[in-house]
Amino acid sequence: MADQIVKIDPIRKRYYRPLELAENLSDWLFYIVAVLSILALVVNQTNSPKMYDLVQGAFVVGVLALFSIGLGVRLYWTPRADDKRRQDLLSNSFSVAITHEQTVGYYNNTQTNPLKRLCVSLLENSFFSKNVTLAMAHDERIKIALYALIWVIALLNRSTDLALIVSIAQAIFSEQIISRWIRLEWLRMRFERVYENLYRLVQTTSDFDKDEFRVRVIEAYGEYETGKGYGGVTLSAKVFEQLNSTLSSEWDQIRQMLKV
């Protein structure tokens, strides 16, 4: 039996794990702030002045913390992690160590032509990314449907306070719920397009030294990386681990079919 390839990925542990923790904290803070915003409507200032002040103070602190962590995710943790992943991809493709933190066994194609190696690595990345985002989108669609149902029920109930309906609407149409789902769906379609374009490129190209091939690979690289930046959604490590075995087997079949 062939020896199993040992995979080492220091980038995920050192850079993506802190990003995931920051995003999880941001999500929890969002729900806490949403609950506090509703409590602020329920607690009567005249009857319970201390409780009212406590809720209002906690709400302000929560909003400031949510803003700060969100800014850190966008401007620090995400760019830092993505930059390291790009450096590793380019180092592997061109055999030039532009970073000392490199993965082992992460990219398993044997191409010697740097642009073709980059092309196959992008094909592999987009294949995994489109499937992971699809699985993530399934979960998000269910949550969106539940949130929308709650809001519609509150909206149709004439006894529901209008301020409460507005607070629920603000939560649903916030960055963490509707916007995130739309960005995730957009990112999924972006990954699918990159994969399909690269698949056709590898399938139809016979001379990998042509300028047209090089331009198409660089174009795909830019589309893939800018897509991650525009989408602003971190792929779930949990979903990746769940799908990794199945997707790896499917990817091996694709590689054999394309002879890469």
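The table that follows gives values for the structure above.
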read-out	value
Within region 212-255, tally of residues that are of a type in the set (A, V, I, L, M), within 16 Å of residue 195 (Cβ to Cβ) and assigned to a helix (DSSP H, G or I)	5
Criterion violated by residue 167 - all others in (1) farther than 22 Å from residue 23 by Cβ; (2) surrounded by fewer than 17 Cβ atoms within 10 Å (Cβ to Cβ); (3) modelled with pLDDT under 90 satisfied	(2)
Some residue of region 200-218 being of a type in the set (Phe, Trp, Tyr) and under 30 Å from residue 119 (Cβ atoms)	yes
Those residues of region 107-138 which are farther than 21 Å from residue 255 by Cβ and without any contact (Cβ under 8 Å) to a residue 24 or more places away in the chain, in sequence order	138
In region 178-188, residue modelled with the lowest pLDDT [restricted to those that are of a type in the set (A, V, I, L, M, F, W, C) and either surrounded by 19 or more Cβ atoms within 10 Å (Cβ to Cβ) or closer than 14 Å to residue 235 by Cα (or both)]	181
Yes/no for residue 31 being among the hydroxyl-bearing types (Ser, Thr, Tyr), surrounded by fewer than 16 Cβ atoms within 10 Å (Cβ to Cβ) and over 21 Å from residue 121 (Cβ atoms)	yes
Set 158, 200, 193: member being surrounded by 13 or more Cβ atoms within 10 Å (Cβ to Cβ) and either within 14 Å of the chain's Cα centre (by Cα) or not β-branched (Val, Ile, Thr) (or both)	193
Which listed residue is in a helix (DSSP H, G or I), of a type in the set (A, V, I, L, M), farther than 16 Å from residue 225 by Cβ and out of contact with any helix residue (DSSP H, G or I) (no Cβ under 7 Å at 6 or more places or on another chain), from 177, 168, 153	153
Among (1) without any contact (Cβ under 8 Å) to a residue 40 or more places away in the chain; (2) buried (at least 19 other Cβ atoms within 10 Å of the Cβ), the one test that residue 217 misses	(1)
Neighbours by Cβ (under 8 Å, 6+ apart or cross-chain): first from region 80-106, among the aliphatic types (A, V, I, L, M); second part of a strand (DSSP E or B)	104/8
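A quick yes/no check of all residues on (1) of a type in the set (Asp, Glu); (2) under 29 Å from residue 28 (Cβ atoms); (3) modelled with pLDDT under 90:
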| position | (1), (2), (3) |
| --- | --- |
| 192 | yes, no, no |
| 207 | yes, no, yes |
| 218 | no, no, no |
| 225 | yes, no, no |
| 234 | no, yes, no |
| 248 | no, no, no |
| 253 | no, no, no |
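The values are calculated or read from the model by the stated rules, or taken from the named source; none is laboratory data. Since the model is a prediction, treat every value here as computed from it, not as a measurement. No Cβ is skipped: glycine too gets one built from the backbone with ideal geometry, and neighbour counts run over all protein chains shown.
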